[in-house]
2 protein chains.
Amino acid sequence: MPPTRRRPGGRTARIRTQVLDAVLAELGEHGYDGLTMDAVAARAGVHRATVYRRWGDVGGLLADVLDAASDDDWQPPDTGSLEGDLAALNHEIQAAMTAQPPIMAALIAASFRSEKADHAQRRLWEDRYARCENIVGRAVQRGELPPRTDARRLLIAATAPLYHHLVLLRTPSDPDLPGQAARTAALAASAGAFAEPPAGDT
Amino acid sequence: MPPTRRRPGGRTARIRTQVLDAVLAELGEHGYDGLTMDAVAARAGVHRATVYRRWGDVGGLLADVLDAASDDDWQPPDTGSLEGDLAALNHEIQAAMTAQPPIMAALIAASFRSEKADHAQRRLWEDRYARCENIVGRAVQRGELPPRTDARRLLIAATAPLYHHLVLLRTPSDPDLPGQAARTAALAASAGAFAEPPAGDT
């Protein structure tokens, strides 16, 4: 398929792209509190009625931005070692969370305000953590981890300190943190922290 | 000092208690979005003018609630082992975060909205983590950890998965999570994850 042919509905898809780009731009400039349907429609050059009909409200716009973020081919880093993969992943997270304008931070903040955005944010976390399970699968194949390793728990242990610092404690970005959190999780994994009980046990 | 004599300024302190109790009750019932100065004054039985003069706005009320939370003699659990202390701490965190009405969750959500509440929330985290450093100090004294252990990093590794699940991922409360996160951090600590370089290194 030639790269210029895009999947379904040219005009509808184009309007969606224009509107979601406008949401990101408005969110970056004004944050959630300054985000309005009318400003998004004006910036996107799309009729207000279209935006209201299709997205309903600001929560609907944010939910669609978050859902659109899963429509990509992002794959977790593949560096050849568990600790290397986790460190590279954490560097990506830290870079995204501290980027200017602070889109990702604004989307997380918005998920405390809008139920639609909250559900979409959870779908996006789920999508990202599911993709990252490849990191653990590869480490098992290399013999770095036992076959019955709880991938999700390992990934959350590796990444949670980043989110805790950046989203909740709001400490200044620490360039050592991504690597330290990765090393901590890798050491814990080597010590059996995420090993599941043998099959048959309950 | 007899228990009925309370520290400074009887009437001023009593008004503060009444107002902060009213903030917690209103927050529990209506969340941040439903919190108003007038409703707090009415519930507290205090003149509106007094509330406005002393606290300024809703952010000021929330900041004072958070600051008042540090005025206690809370100490971290002392169970006799590092893993036991961290698990007991995580159980306290999970219980507080999932309590009804959801006061702690509402305060964290409010910290995304109000700069005053944000700063007060950060002071409270700082106070709590500083007190928890005793857990690490005791483990060092027992010989469970090397003397040069980065207490803060260990404590954040132990508690961050709780906050990540409960505040950000919003997964249902998992009774195994407090103990698992504690065990992970204790195993990582035993493997040297939080050891600081010897004095003299930079």
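The values are calculated or read from the model by the stated rules, or taken from the named source; none is laboratory data. In this text the structure is predicted, and so the values were computed from the model without any measurement. All Cβ positions, glycine included, derive from the backbone under ideal geometry; neighbour counts span all protein chains shown. Note: areas computed on protein heavy atoms with side chains; ligands, DNA, RNA excluded. Shrake-Rupley method; radii C 1.70, N 1.55, O 1.52, S 1.80 Å.
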### Query
Once B and A are treated as a pair rather than alone, how much accessible area drops out, both sides summed, in Å² to 100, probe 1.4 Å?
2900
### Task
Quick one: pull the percent of accessible area on segment B:10-69 belonging to carbon and sulfur, 1.4 Å probe, ligands and nucleic acids left out.
50
### Message
I'd like to check one number: the per residue accessible area of the protein assembly as shown, probe 1.4 Å, reported in Å² as a whole number.
### Response
50
### Query
Across the Cα atoms of segment B:127-202, what radius of gyration and what greatest pairwise Cα-Cα distance (Dmax) are found, in Å?
13.8, 46
### Message
Treating the point 7 Å from Cα along Cα-beta-carbon as the label, what are the nm separations from B:ASP72 to the other copies, to one decimal?
### Response
4.1
## Note on the structure
Computed over the Cα atoms of segment B:10-69, the Rg and Dmax in Å are 10.1, 32
### Query
So how do A:60-71, B:148-159 stack up, highest first, on mean other-Cβ count within 10 Å?
B:148-159, A:60-71
### Query
Computed over the Cα atoms of the protein assembly as shown, what is the ratio Rg over Rh, Rh following Kirkwood?
1.01
### Query
Across peptide B:154-165, how many C-beta atoms of other chains are within 10 Å of each residue C-beta, on average?
6
### Query
Hull surface divided by four, with the convex hull built on the Cα atoms of segment A:40-120: how many nm²?
6.7
### Query
D for chain B, whole µm²/s, Stokes-Einstein with Kirkwood Rh over alpha-carbon pairs at 37 °C and 0.692 mPa s: what number?
174
### Task
Report in % the part of the accessible area of segment A:100-184 that belongs to carbon and sulfur, leaving out ligands and nucleic acids; probe 1.4 Å.
53
### Summary
At q = 0.11, 0.24 Å⁻¹, the log10 of I(q)/I(0) for segment B:82-190 from a Debye sum over equal Cα scatterers comes to -0.37, -1.34
### Query
What average number of partner chain Cβ atoms lie no more than 10 Å from the Cβ of the residues making up B:112-118?
3
#### Entry: Span from the segment A:114-163 Cα centroid across to the segment B:106-169 one, whole angstrom
23
